[in-house]
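Beneath this line is the structure, given in C-alpha cells, with notes to follow.
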C-alpha cells in the first residue's frame with residue numbers, strides 16, 4: 001500500500017479515538033515507515049524465530065514489536081496500534097512455563113529517548129500494565145527461569161559426590 005493510504009488510515013484511527021472520548025495522541029509520535037497494514041504482512045512466514053502477525057487482526061494499523069526470551073513465539077510480531085503489554089504478549093503466544101515473570105523488561109523509544117521499563121507480571125501484574133501501550137520498535141524480553149535446570153545439575157552433583165564418598169568408605173572397610 002502506498003504512503004497516502006497509510007496516512008489516511010492513521011488519520012481515521014486518531015479521529016476515531018478523539019470521537020470515542022480517548023485522549024488524542026499526536027500522529028507525529030509515529031513514523032509512517034514503521035507502520036504496516038494487515039494486507040502487507042499476509043504472506044509472511046509463520047514459524048518460530050521469524051516474523052508473525054495475527055490473522056484475527058483485520059483492518060487495523062500494525063506496528064512492529066520484538067518479543068525475545070521465554071515467549072511462546074519469539075521474533076518480530078506485527079501487533080495492532082495501541083496494543084498494551086498483556087495483549088501483545090498474548091499475541092506472541094504468551095509466556096512459556098519456564099518464564100521468569102518477576103522482571104519483564106521492555107526497551108522502547110519514548111519522546112525521542114531510548115528507555116527501559118521493568119514490570120512484574122507475577123499474579124497477573126498490576127493496573128499500570130493496562131495503560132502501557134506498545135510502540136513501534138519496542139523490544140520485550142522475558143528472562144528464562146533456570147531454577148529447574150540448576151536444581152537438576154546440583155542434585156546430580158551431590159549424587160556423584162555421595163557415590164565417591166561411599167566408595168571410599170567401602171574401600172576402607174574392605175581393606176580392614
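Any read-out appearing in this document is the output of simple, stated calculations on the displayed coordinates, not a laboratory observation. What you are looking at is a predicted structure, and each value in this text was computed from that prediction instead of being measured. Positions of Cβ are backbone-derived with ideal geometry, glycine not excepted, and every protein chain shown enters the neighbour counts.
Details
- Separation in nanometres of the label points that stand 7 Å from Cα toward Cβ, at residue 58 and residue 153: 4.9
- Extent along principal axes [Cα atoms of region 57-105; Å; largest to smallest]: 34, 16, 14
- Scattering from region 106-166 was approximated by placing one identical point on each alpha carbon and applying the Debye formula without solvent; log10 I(q)/I(0) at 0.18 1/Å stands at -0.76.
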